[in-house]
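**Q** Quick one: the structure is below, and I'll ask about it shortly.
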Amino acid sequence: MSKIVKKRSKSRVSGVDRFLNFVRFLMATLIVLGVVAFISQQIWPNNPFAEWRNPDARGLTGDQFKGLVVSGLSQGAMYGLIALGYSMVYGVLGFINFAHGEVFMVGTMSGWITSEKLNDAGLWESNFILSLFLIIFVAITTSTVTAIITERIAYRPLRSSPRLIPLITSIGVSFFIQNAVLGLFGPASKGYPRLPEWLSKQRSIFTVEIAGTKILVMVVAGLSMAALWYLVERTQTGRAMRAVAEDKEIASLMGINVNRTIVITFGVGGAMAGVGGILWGLLFRSVTHMTGFLPGIKAFTAAVVGGIGNMGGAMAGGVFLGSAESIAPMVILEPLGVPGVSQLKDAVAFTVLVLVLLFKPSGLFGEKLSQEDRA
Amino acid sequence: MMTATLGSRKLFDQNWKRILFWGGICALSQVFICLVGLPSELNRRILIESTLSLGYLFILWIPLVFGYIVSKMVELEGIENPKPGAADLLSGALTGLLGSLSLVLLMLGIENLDMRDPLINWNPKLFRLLTFENSIAFGSLVWIAVGVGLGTIGASLHQMSSQIRKMFTYAIFGLFSFAVLEDVIDDLSEGFRLEWLSDMIYAKKGGMTVTSTIVLAVLLALLPLIVRGKFKTTVARYRSDATPDAQRRNSAILFSIIAVLVIVLPWFLGGIINELLANVGLFLLLALGLNIVVGLAGLLDLGYVAFFAVGGYTTAVFTSPNSPWFSPETHFGISLLVVVVMATLAGLLIGAPVIRMRGDYLAIVTLGFGEIIRLLFLSDWLKPYLGGSQGITNIPAIDLGPWEVRGADPRSVFYMVLAFCVLAIYVSWRLQGSRLGRAWMAIREDESVAEVMGINTVNSKLMAFVVGAVLASFSGAVLAAKVGSVFPKSFEILVSIIILVVVIVGGMGSITGVMVGSLVLIGILGGPRQPGLLQEFQNYKLLIYGALLVFMMLKRPEGLVPTARRTRELHQEEYLQDAWLGDDEAEESKEVGEKL
């Protein structure tokens, strides 16, 4: 008896599984090798491995490393803000809203228009704090409205259709918004006005050199996250959202207006993307119609990394992904002798997605999902 | 309210909210289209000489459609609707009027406010277009008259007898196709030495002449009167009566006619149209491959372009003397064998990690893979091997003994692509009914059930990936030889999305659908970098592709030429609802299901 069982279980390990194990092993080895090579390079710059793979590499100074971490963290905070929208919509409706990156881009774009008008009016320089609040307000409004309109037009009629249909629709929505913005505002890259000196200058906090803008980004992201946490965990609306995410039918039996709750979810996700959009604008000071594409996919990655449907996880995933894509090229790839590593930043982000899904499909902080919901 | 007979409504007994809603949407879409710049950009393309350009057409269809929508009745079981009458016409007219008023406001706005800073199309060009190079008053009057008129026509479509409605639609769509196909008809008539024909229809500066428009409109409107549904009944009778043997013989005849046409026709066509056909073929090849992955197996592969890139780069490395690292300069045929091997490997490598993932994760991860591959081709890391952003140039023409396939001779490329397409169509056709094809469809419909039924889901899915990859890599190989060079820029994510639109618009899982889809979309609108018949669309292609994708998903997810199985799958709910309503309906829906 036991023999048969053994045989069966043996035959169940198919070639694909073996291949996947091999890939897992290979990736893990590469990462460990890269990190070890990096550390040994730091300690003993002329070790034989470094001589062989990458004779020019100097390694990183402490300040450089801190700089990488800081820029990774601030970028990650933005990914986290966008990822919240993916995560919330996924939690409630169970589909990936591919157009969410475009909602973010619309926020950045509206922030650019407002900030430029404010700059012309002189308010930008004379009262920056007020104008900051104004552009954040405008961006939140635009993004929220965009998200709600797309939900109403494109997603609501498809709620009961097979899972891939809304996803394909959202791809269409994404392309439509991208190219509508291209048509309305033109293809040129648009620059945000110059930030005041007191904000953008380098500051030194606990021996870490950090630009003021990055501090602002992290603070605003933290505040929005706190506000969202309060909304979801402490208010009636938040309870309704959680209930709808759990089970739509039962929630509606309990007297919750499911449609309204879904709209609110989209709206809140859009608002977070709008805040993220403004932060992006302040940090990189330029926006085009394509701005939303890569951050959108990366934010989705962040949501998956943190465990999709989990809001704290989305933020943590964002920070993790941001730091990974800023640190990994220098720490893992360069010591292995890969030239031009800064070009591979985006590739690293996608690799993180593949790795997370290979190693832990439920994400780093995700709950154990049922078979049906698992990736 | 629910009395059995209701006369037509009184003229002012309107559902004002509804009119305001649809009129508002009509107004917004007209302003949106103007500000996106479609009219100004497309104004160059003249459809009817000195009367109508494509740019104006893009504003004009809106009141027509919304007039139609606003006066549409919701037909409910057991409630008799009031008879359509003048009141409905009025609602259509009011909708059109609201739309036109928005254009008037837009004109006033452009004259008095300066919003050019963010809105690039808020400019005198648009103003001139809207006022017909005249005063605002003139422009407003014309737009209001046109809007009200078109809205009324749209509303009256419900009240025409079906015969007249048919004539109307025949005339409109026929004229539109004549106007769009101007280049093709020009080219064809030149090839057959019938220049007088195209001279008669089209004006010298482009667009149809007014007389020919009227004559053609009358002829096209008469068409349904002459045919009178005879065609349909013949086909239906043929389907039900003919013996299988006769059917097979007839389809063989039909097939050979099409084959002869496709082989002979290019000789009568000029370079541009042949080039266009070659592009259509290249994308058809891609679409057929994606149709297997998405349409049959239900795996939404958004990184499909990766396989296209693998095909192109492999060909480039193996045939080009300029390949930086390894350059055996083999013949295209030998490199094609390598392409198949490489594509299979790529299909397995990309397929294996994603095969266990659920649909939407699979989509994003494959998208990630597609980008990773493009970024790798672009990176300095692989530059010594694959040329980085400079790509690999100087790929030689395909030498086929007596013939040579090179980009400068689009006809030869077309035949080359045609050969591959025929192969791909044959493969997909045979696969569809095979054990593997049925396994794919079972997986698409319900994976768990398929697995329980004893289908090896992992292997079947991998096979789908591999077959799709090989077809895409063929397309890449031909593209490389056609263009003579490969760059990472040619393999953007956009390609995947456009092929996805082609497959979805055509009809997922339907070979005919995919052919129709690529002919219509790639032929008329064009591929990611390749212009189509309407070259003016270059900048707006993606906008339209995006809108089309959403529209199709909302209104007709099964595509233009659907397969029966897919239709049933997507409209299952409706059938179930019908079944639930009552026994009669259940019987009916059963019949409908069987027909489908």
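The values are calculated or read from the model by the stated rules, or taken from the named source; none is laboratory data. Because the structure is predicted, anything quoted here is derived from the model rather than measured. Don't worry about glycine lacking a Cβ; one is built from the backbone with ideal geometry, like all the others, and counts go over all protein chains shown. All accessible areas refer to the heavy atoms of the entire protein, side chains included, with ligands and DNA or RNA removed. Shrake-Rupley method; radii C 1.70, N 1.55, O 1.52, S 1.80 Å.
**Q** Mind giving me the FRET efficiency for residue B:435 and residue A:203? R0 is 56 Å, r the Cβ-Cβ distance, nearest 0.05 is fine.
**A** After rounding, the FRET efficiency stands at 0.25.
**Q** So how far, in whole Å, is the C-alpha centre of the stretch A:115-141 from the one of the stretch A:255-286?
**A** 19 Å
**Q** Roughly how tilted is helix B:244-264, in degrees to the nearest 10 and between 0 and 90, from the longest Cα axis of chain B?
**A** 80 degrees
**Q** Can you tell me the accessible area per residue over the stretch B:369-522, all protein chains present, probe 1.4 angstrom, in square angstrom?
**A** For the stretch B:369-522, the solvent-accessible area averages 39 Å² per residue.
**Q** From the backbone phi of the stretch A:272-287, what are the Karplus-calculated ³J(HN,Hα) couplings (6.51 cos²θ - 1.76 cosθ + 1.60, θ = phi - 60°) in whole Hz, Gly and Pro given as x?
**A** Values, residue by residue: 4, 4, x, 4, x, x, 5, 4, 4, x, 5, 7, 9, 6, 8, 8 Hz.
**Q** How many percent of all Cα-Cα pairs in the stretch B:25-71 sit more than 13 Å apart?
**A** Counting every Cα pair in the stretch B:25-71, those more than 13 Å apart make up 55 percent.
**Q** Let me ask something else. Quick check: from the Cα gyration tensor, does the stretch A:243-286 come out rounded (a/c under 1.5), prolate or oblate? Spell out each step's value before the answer.
**A** Details: a/c = 6.82, a/b = 4.42, b/c = 1.54.
Judged from the Cα gyration tensor, the stretch A:243-286 comes out prolate (a/c at least 1.5, a/b above b/c).
**Q** For n ≥ 4 DSSP H runs only, could you compute -39500 (n - 2.57) per run for chain A, divide by its residues and tell me the 222 nm figure to the nearest 500?
**A** Counting only the DSSP helices, I get -24000 deg cm²/dmol.
**Q** While we're on this one: How high is the relative contact order of the stretch A:243-352, given as a whole-number percent (alpha carbon pairs under 8 Å, six or more residues apart)?
**A** 15 percent
**Q** Give the calculated FRET efficiency between residue A:119 and residue A:63 to the nearest 0.05, with a Förster radius of 45 Å applied to their Cβ-Cβ distance.
**A** Working: r = 33 Å, r/R0 = 0.74.
Once the sixth-power term is evaluated, E becomes 0.85.
**Q** Which whole-number percent is the relative contact order of the stretch B:159-250 (Cα, under 8 Å, 6+ apart)?
**A** RCO, the stretch B:159-250: 38 percent.
**Q** To continue, here is another question. Specify whether the C-alpha gyration tensor of the stretch B:175-327 places it in the rounded, prolate or oblate class, a ≥ b ≥ c being the square roots of the eigenvalues: rounded for a/c under 1.5, otherwise prolate if a/b is larger than b/c and oblate if not.
**A** It comes out oblate by the Cα gyration axes.
**Q** Where does each of B:250-260, A:119-129 land if you order them by average Cβ count within 10 Å, highest first?
**A** A:119-129, B:250-260
**Q** Return the average number of partner chain Cβ atoms within 10 angstrom of each residue Cβ along peptide B:362-373.
**A** 6
**Q** Give me log10 I(q)/I(0) at q = 0.08 Å⁻¹ for chain A, Debye formula, one equal scatterer per alpha-carbon, no solvent.
**A** For chain A, the Cα-only Debye profile gives -0.47.
**Q** Which parts of the stretch B:142-170 would a label at residue B:524 reach, counting a residue when its backbone N lies under 16 Å from a point 7 Å out along Cα-to-Cβ?
**A** B:169-170
**Q** Next up: Roughly how tilted is helix B:54-70, in degrees to the nearest 10 and between 0 and 90, from the longest Cα axis of chain B?
**A** The helix B:54-70 is inclined about 60 degrees to chain B.
**Q** Okay, moving on. Amide H of residue B:157: which non-local residues (sequence gap of 5 or more, or other chain) have their own amide H closer than 5 Å, using H built in the peptide plane?
**A** Correct list: empty.
**Q** What is the local net charge at residue B:529, summed over the other residues whose Cβ is closer than 11 Å to its Cβ (Lys, Arg +1; Asp, Glu -1)?
**A** Summing Lys/Arg as +1 and Asp/Glu as -1 gives +1.
**Q** Tell me, what is the FRET efficiency for residue A:263 and residue B:451 to the nearest 0.05, using R0 = 35 angstrom and their Cβ-Cβ distance as r?
**A** 0.40
**Q** Let me ask something else. For residue B:226 and residue B:408 in one chain, what is 0.36 nm times their gap in residues minus the Cα-Cα distance, to one decimal in nm?
**A** 61.0 nm
**Q** At 222 nm, what helix-only mean residue ellipticity would chain B give, in deg cm²/dmol to the nearest 500, using -39500 (n - 2.57) for each DSSP H run of four or more?
**A** -22000 deg cm²/dmol
**Q** In the stretch A:152-272, what is the volume of the convex hull around the alpha carbon atoms, normalised per residue and reported in Å³?
**A** Dividing the Cα hull volume of the stretch A:152-272 by its residue count gives 178 Å³.
**Q** Something else about it: Could you work out how much longer the chain between residue B:236 and residue B:198 gets when fully extended? Use 0.36 nm per residue separation minus the Cα distance between them, nm to one decimal.
**A** My answer for the length gained is 10.1 nm.
**Q** Partner chain Cβ atoms within 10 Å, averaged over the residues of B:30-40 - can you pull that number for me? Mind dumping the intermediate values first?
**A** Details: counts 0, 0, 3, 1, 0, 4, 7, 4, 1, 0, 0.
That average works out to 2.
**Q** Starting from the alpha-carbon convex hull of chain B, give the projected area averaged over all orientations, in nm².
**A** 32.8 nm²
**Q** Something else now. If one computes the Cα centroid of the stretch B:460-511 and of the stretch A:300-347, what distance in Å separates the two points?
**A** 29 Å
**Q** Ordered by residue, what ³J(HN,Hα) values in Hz, to whole numbers, does the stretch B:233-241 give under the Karplus form 6.51 cos²θ - 1.76 cosθ + 1.60, where θ = phi - 60° and Gly and Pro are x?
**A** Using θ = phi - 60°, the values come out as 5, 4, 4, 5, 5, 4, 4, 7, 9 Hz.
**Q** If you line up the Cα atoms of the stretch B:413-512 on their principal axes, what length do they span on each, largest first, in Å?
**A** Answer, in whole Å and largest first: 49, 26, 25 Å.
**Q** Once the Cα atoms of helix B:305-319 and of chain B are each reduced to a long axis, what angle between those two axes, in degrees from 0 to 90 to the nearest 10, is obtained?
**A** For helix B:305-319, the angle is close to 40 degrees.
**Q** Roughly how crowded by other chains is peptide A:152-163, in terms of the mean Cβ count from those chains within 10 Å of each of its Cβ atoms?
**A** Mean inter-chain Cβ contacts per residue within 10 Å come to 3.
**Q** Moving on. Tally up the carbon and sulfur contribution to the accessible surface of the stretch B:12-131 as a whole percent, 1.4 Å probe, everything protein left in place.
**A** Numbers: 3880 of 5820 Å².
Roughly 67 percent of what the probe reaches on the stretch B:12-131 is carbon or sulfur.
**Q** How large is the Kirkwood hydrodynamic radius of the stretch B:463-548, counting all unique pairs of alpha carbons, in Å?
**A** It is 13.8 Å.
**Q** Mind listing the phi-derived Karplus ³J(HN,Hα) values for the stretch A:185-201, rounded to whole Hz, using 6.51, -1.76 and 1.60 with θ = phi - 60°, and x for any glycine or proline?
**A** 10, x, x, 5, 6, 9, x, 5, x, 5, 7, x, 4, 4, 8, 7, 5
**Q** Right, something else. Rounded to two decimals, what is the ratio between the C-alpha radius of gyration of the stretch B:118-244 and 2.2 N^0.38 Å?
**A** Normalised Cα radius of gyration, the stretch B:118-244: 1.49.
**Q** Which of the peptides A:254-263, B:306-315, B:484-493, A:33-42 is most tightly packed, and how do the rest follow, going by the mean number of other Cβ atoms within 10 Å of each residue?
**A** Listed from highest to lowest mean packing, they are B:306-315, B:484-493, A:33-42, A:254-263.
**Q** For a quick size check, give me the Cα extents of the stretch B:419-576 along its three principal axes, largest first, whole Å.
**A** Largest to smallest, the principal-axis extents are 50, 36, 25 Å.
**Q** Would you please put B:196-205, A:64-73, A:142-151, B:455-464 in order of how densely packed they are, using the mean number of other Cβ atoms within 10 angstrom per residue and starting with the highest?
**A** A:142-151, B:455-464, A:64-73, B:196-205
**Q** Roughly what percent of Cα-Cα pairs across the protein assembly as shown reach past 40 Å?
**A** Cα-Cα pairs of the protein assembly as shown separated by over 40 Å account for 48 percent.
**Q** A further question follows. For the stretch A:21-175, what's the relative contact order in percent, using C-alpha pairs closer than 8 Å and at least 6 residues apart?
**A** It comes to 20 percent, rounded to a whole number.
**Q** Checking a compactness column here: for the stretch B:280-408, what do you get for Rg(Cα) / (2.2 N^0.38 Å), N being the number of residues?
**A** 1.15
**Q** Using alpha carbon centroids, what distance separates the stretch A:65-97 and the stretch B:148-172, in Å?
**A** First find each Cα centre; the distance between them is then 51 Å.
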